[in-house]
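Okay, structure first, notes after.
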Amino acid sequence: QVQLVESGGGLVQPGGTLRLSCAASGIIFTADAMAWYRQAPGKDRELVAHIASNGDLWYADSVKGRFTISRSTAGNTMVLQMNSLKPEDTAVYYCNRVTVGRAYWGQGTEVTISS
């Protein structure tokens, strides 16, 4: 079993920054694929950023150049650095991890961008 716990959400003004973290525990592997998703009110959950097993990174066009995904050397922590935040980034952000072919989700952390 794998547990994922997100932290770092909050309310910030447009143009501000936030740093989301996802701490994993349980039976995990350094090369697990990991990702951040988000779900805005009334919208479907969407993929924001992804780290592949080989370390390749992928970003949604809407966040490219503003968000940076990374993971710790041990692979048990994943971070999403979010800069130049916009109101349209408002959503609940979820951590996702695929371990031995099974996907796990965190409980989500709320991000609100508003003046």
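Considering each residue of segment 81-107, count those that are more than 13 Å from LEU4 (Cβ to Cβ) and either part of a strand (DSSP E or B) or not aliphatic (A, V, I, L, M) (or both), and give that number.
Qualifying residue count for the region: 12.
Of the residues making up segment 101-115, those that are under 13 Å from the mean Cα position of the chain (by Cα), open to solvent by less than 60 Å² (accessible area, probe 1.4 Å) and not hydroxyl-bearing (Ser, Thr, Tyr) are GLY106, GLY108, VAL111. Residue count for segment 46-62, restricted to those that are open to solvent by 20 Å² or more (accessible area, probe 1.4 Å) and either part of a loop (DSSP other than H, G, I, E, B) or of a type in the set (Gly, Ala, Ser) (or both): 7.
Being within 14 Å of the chain's Cα centre (by Cα) and in a loop (DSSP other than H, G, I, E, B) is the filter; apply it to segment 63-74 and report the residue that is modelled with the lowest pLDDT. Applying the filter and picking the extreme gives SER72.
Within segment 85-103, does at least one residue satisfy the condition of being under 20 Å from GLY8 (Cβ atoms) and modelled with pLDDT under 95? Lay out the reasoning, then the answer.
Just the residues of segment 85-103 that are under 20 Å from GLY8 (Cβ atoms), to begin with: 85-97.
From the residues that got through so far, the ones that are modelled with pLDDT under 95 too are none.
Within segment 85-103 (the criterion being under 20 Å from GLY8 (Cβ atoms) and modelled with pLDDT under 95), the answer is no, since none of the residues qualifies.
Can you find a residue in segment 9-18 that is free of Cβ contacts under 8 Å to residues at least 60 places away in the same chain, small (Gly, Ala, Ser) and surrounded by 14 or more Cβ atoms within 10 Å (Cβ to Cβ)? No, because not a single residue in segment 9-18 is free of Cβ contacts under 8 Å to residues at least 60 places away in the same chain, small (Gly, Ala, Ser) and surrounded by 14 or more Cβ atoms within 10 Å (Cβ to Cβ). Residues considered: VAL79, VAL98. Of these, the only one that is touching a Ser or Thr at 6+ places or on another chain (Cβ under 6 Å), of a type in the set (A, V, I, L, M, F, W, C) and surrounded by fewer than 18 Cβ atoms within 10 Å (Cβ to Cβ) is VAL79. Are any of the residues in segment 32-43 among the basic types (Lys, Arg), part of a strand (DSSP E or B) and surrounded by 18 or more Cβ atoms within 10 Å (Cβ to Cβ)? There is at least one residue in segment 32-43 that is among the basic types (Lys, Arg), part of a strand (DSSP E or B) and surrounded by 18 or more Cβ atoms within 10 Å (Cβ to Cβ).
The values are calculated or read from the model by the stated rules, or taken from the named source; none is laboratory data. Since we're looking at a predicted model, the values are computed, not measured. Positions of Cβ are generated from backbone atoms using ideal geometry, with glycine treated the same way; all protein chains shown enter the neighbour counts. The accessibility values were calculated without ligands, DNA or RNA, using every heavy atom of the protein model including side chains. Shrake-Rupley method; radii C 1.70, N 1.55, O 1.52, S 1.80 Å.
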